[in-house]
Amino acid sequence: MTGEELLARAADLLEREGWCQGVLRTREGHHCMLGALEEVGLGCAEVLFDQVIPAITAELGGENLVRYNDTFGRTAEEVITTLRNAKRWL
């Protein structure tokens, strides 16, 4: 899987199953950003850590993606948009 595909699949997962904060995934099936990346990136650790995480970090201006996800007032739409826009850094 390419980095672009992984980012798109993580965004799609959040749109389809819901987004959360503070945990990787909820019992209801919602995922945080990292949880969604982990879920769709199984078996793609090299792409995830060498391409996708750095691309998201660049999109966030260096901010930690977990801190970004869990910031009070953050919305699912913001997180999904970040995932979709991070492809420009690949």
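Rule-based calculations on the coordinates, nothing more; no lab input. None of these values were measured; they are calculated from a predicted model. Every residue, glycine among them, receives a Cβ derived from its backbone with ideal geometry; neighbour counts consider all protein chains shown.
Working ranking of peptides 30-36, 40-46 by packing, defined as the average number of other Cβ atoms within 10 Å per residue, highest first, is 30-36, 40-46.
Computed from phi, the 3J(HN,Hα) profile of segment 53-64 under the Karplus parametrisation 6.51, -1.76, 1.60 (θ = phi - 60°) reads 4, x, 5, 5, 4, 5, 4, 8, x, x, 5, 5 Hz, with x in place of Gly and Pro. A crude spin-label estimate for the pair Glu77 and Ala58, with each label 7 Å from Cα along the Cβ direction, gives 2.7 nm.
Under a 5 Å amide H cut-off, with hydrogens placed 1.01 Å from N, Arg25 pairs with Cys32 among residues at least 5 apart or on other chains. Amide H contacts of Trp19 (H built 1.01 Å from N, in plane; Pro and chain starts excluded): His31 sit under 5 Å, all sequence-distant by 5 or more or on other chains. Under 5 Å between amide hydrogens, built in the peptide plane, is the criterion, and for Arg74 it picks out nothing among residues at least 5 positions away or on other chains.
Suppose the chain between Leu42 and Arg84 were pulled fully straight at 0.36 nm per residue; how much longer would it get relative to their current alpha carbon spacing?
Numbers: separation 42, 0.36 × 42 = 15.12 nm, distance 1.91 nm.
Residue separation times 0.36 nm, minus the Cα-Cα distance, leaves 13.2 nm.
Radius of gyration over Kirkwood radius for segment 3-89, both on Cα atoms: the Rg/Rh ratio is 0.92.
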